[in-house]
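So the structure is just underneath, and the comments pick up after that.
The values are calculated or read from the model by the stated rules, or taken from the named source; none is laboratory data. Everything numeric here is computed off the predicted structure, so don't read it as measured data. Using ideal geometry, Cβ is built from the backbone for each residue, glycine included, and neighbour counts are taken over all protein chains shown. Note: accessible area is taken over every heavy atom of the protein model, side chains too, but ligands, DNA and RNA are not part of it. Shrake-Rupley method; radii C 1.70, N 1.55, O 1.52, S 1.80 Å.
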Amino acid sequence: MVRRGCGHVVFVSSLAAAFPTPGLAIYNATKSALAGYGLSLRGELAPRGVGVSIVYPGPIRGAAMWADTGLSPPMGISTRSPEDVGWSVVLAVERNRAEVMVAPLALRVGEVFGRSAPAAVVRLAPRLGAYQLTDAMAEALRYKR
């Protein structure tokens, strides 16, 4: 792509990159690292005509980790479809967007809060049921270990 002077790389991270959630330390760290790598690479490759985007899915129904748990989303949180993720990848490439969130409005608002006040999110998360949710997810996915 660099030799051709054009192309686009898309990394699929997770909305967890913006939420320092107790119980998901390793998962959050890997998704945050991927996002940081992608954004840095974007800066390096842009002058060479290569775009880089990071897509951040939230809970996705019918596919991936959330669907594998078989759990219902927490009250007030909806899921998005695998097709929404696909369309977000297309949007990222066609518009050369640095970041694209694939999440319902409530989680996108939470993402802004999570990035601007991560320490507050860490304090609030247990009160909002983070441990119950992450423990239930871990239990539901134990068969994959």
- request: Hey, can you find the accessible area per residue of the chain for me, probe 1.4 Å, expressed in square angstrom?
  value: 58 Å²
query: When all protein chains stay in place, what accessible area (Å², nearest 10, 1.4 Å probe) is found for Asp135?
result: 100 Å²
query: Normalised by the number of residues in the chain, what is the relative contact order in percent for Cα pairs under 8 Å and 6+ residues apart?
result: 29 percent
Label point distance in nm, Val122-Arg97, each placed 7 Å from Cα along Cα→Cβ: 3.0 nm
message: Applying a 10 Å radius around every beta-carbon, put 36-48, 54-66 in order of their mean neighbour count, most first.
response: 54-66, 36-48
query: For a label point 7 angstrom out from the Cα of Ala136 toward its Cβ, which stretches of segment 41-70 have the backbone nitrogen within less than 19 Å?
result: 58-70
statement: Sorting Leu71, Phe19, Leu45 by the position of each Cα along the dipole of segment 1-104 (Lys, Arg +1; Asp, Glu -1; all at Cβ), the one nearest the positive end of that ordering is Leu45
- request: Quick one: give the max-minus-min coordinate of the C-alpha atoms of the chain along each principal axis, largest first, in Å.
  value: 49, 32, 31
statement: Quick tally, 1.4 Å probe accessible area for Glu99, Glu111, Glu139, sorted with the most first, runs Glu139, Glu99, Glu111
- prompt: Counting only protein heavy atoms and using a 1.4 Å probe, what share of the accessible area of segment 27-79 belongs to carbon plus sulfur, as a whole percent?
  reply: 61 percent
message: Under 8 Å for C-alpha pairs, at least 6 residues apart: give me the relative contact order for segment 1-61, rounded to a whole percent.
response: 49 percent
task: Taking 7 Å along the Cα-to-C-beta vector as the label spot, tell me the Asp68-Arg4 distance in nanometres, rounded to one decimal.
output: 3.2 nm
statement: Rounded to the nearest 500, the 222 nm mean residue ellipticity computed for the chain from DSSP H runs (n ≥ 4, each -39500 (n - 2.57)) alone is -15000 deg cm²/dmol
- line: Quick tally, 1.4 Å probe accessible area for Arg80, Arg95, sorted with the most first, runs Arg95, Arg80
message: Please identify the DSSP H helices in the chain that span no less than 20 Å along the helix axis (Cα) and have a mean Kyte-Doolittle hydropathy of -0.5 or more.
response: 25-45
Highest average packing first - 2-11, 22-31, Cβ atoms within 10 Å: 22-31, 2-11
